[in-house]
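Please treat every number below as a calculation from the coordinates, not as lab data. Since this is a predicted model, take the numbers as computed values, not measurements. In this analysis, Cβ positions are derived from the backbone assuming ideal geometry, glycine residues included, and neighbour counts consider all displayed protein chains.
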Amino acid sequence: MAGKEKDLSAESMEAEENASVAIVPANEPAIRDLIYTVRGTQVMLDSDLAVLYQVETGNLNKAAGRNAERFPNEFRFKLTSNEWASLLFQIGRAKTGGRGGRRTPPYVYSEQGVAMLSAILKSETAVRVSVQIMKSFVEMRHFIASNAALFEQVRGVELRQLEYQKTTDERFERVFDYMNTHEAPKQKVFFDGQVWDAFELLVSLVRQAKRKIVLIDGYVDTDTLSILAKKTDGVNVTAWTHPRTRLDQHDVDTFNAQYPQLEVRRTTAFHDRFLILDGTQGYFVGASLKDAGKKSFAISRIEGEELVGAILARLERR
């Protein structure tokens, strides 16, 4: 029994010895992960140091305050609100609650400030912790120095990426400027089978209208409406078609339920097809919109607003 008690005592002494040198608890981050760069200086937060020194944060700062002459600005300084917010964002730490939670910016201590803390706290724990912290600062400096070339390469890659993004943005801006200012072609010929190409051009023309579209087409049907549905919101459409067209009021009402406002009117005065935008820009369309691209046809821009006005005037006379 005595031998057993001796063994237990030995285990206890070994556990106590191990506990005395365990500076960072198992659930705490490594010291090197608690070192941040602020104002170009590597520093540690007062709350993190308090945990390592096993004292209250307030008591740690009071001790430093009572020895203010030992802590010039390069040893210890208080973060501004912006610096604190930026640091919180970088390290993902909550502003209130949890370890280090607070409503006001903390003090931070540089490597020299940590060394001075061990002198004023005057405890074995403070001395042991300070030695470990100083080693961590040295490791960080060695890491930065040995990886300086890598960091420079990373910065170079970032700069090249920024330059590439800038060049790409400029290219897109030129494309958008071209799309916004470039006029539609004055004349375009489509051959049989170019159904999609014809559809695409007609849709692009319809989208140019800002207020009003007038379509003159003797064979308006629901396929025609699928093109007119691509118009900009708020643009009104008047479609002039043959009295015997198969388009009925139900089709018009269904269209207007989603793409207002369409009005269908009847005329037999025109043989050809015309598309007029905002009362000034007109196009001659060689095929009914519903058949565009099924056979060869052409689209031509009408030169002169007076001709466009004459077409609109003829519609009103019917």
Residues other than SER118 with Cβ under 14 Å of its Cβ, Lys/Arg counted +1 and Asp/Glu -1, net out at +3
Gain upon complete extension [GLN249, LYS62; 0.36 nm per residue less C-alpha separation]: 58.8 nm
For MET134 and THR80, calculate 0.36 nm times their separation in residues minus their Cα-Cα distance, and state this gained length in nm to one decimal. 16.9 nm
Where does each of LYS135, LYS231 land when they are ranked from fewest to most other beta-carbon atoms within 10 angstrom? LYS135, LYS231
Going by how many other Cβ atoms sit within 10 Å of their own, how do GLU111, GLU303, GLU316 line up, fewest first? GLU316, GLU303, GLU111
Once the other residues with Cβ under 15 Å from the Cβ of ASN67 are scored (Lys, Arg +1; Asp, Glu -1), what is the net sum? +3
Quick one: which residues, 5 or more positions from ALA229 or on another chain, have an amide H under 5 Å from its amide H? H modelled 1.01 Å from N in the peptide plane, none for Pro or chain starts. none
What's the FRET efficiency of ALA298 with GLU163 using the Cβ-Cβ distance as r and R₀ = 30 Å, to the nearest 0.05? 0.05
Ranked from fewest to most other Cβ atoms within 10 Å of their own Cβ, ASP48, ASP33, ASP221 fall in the order ASP33, ASP221, ASP48
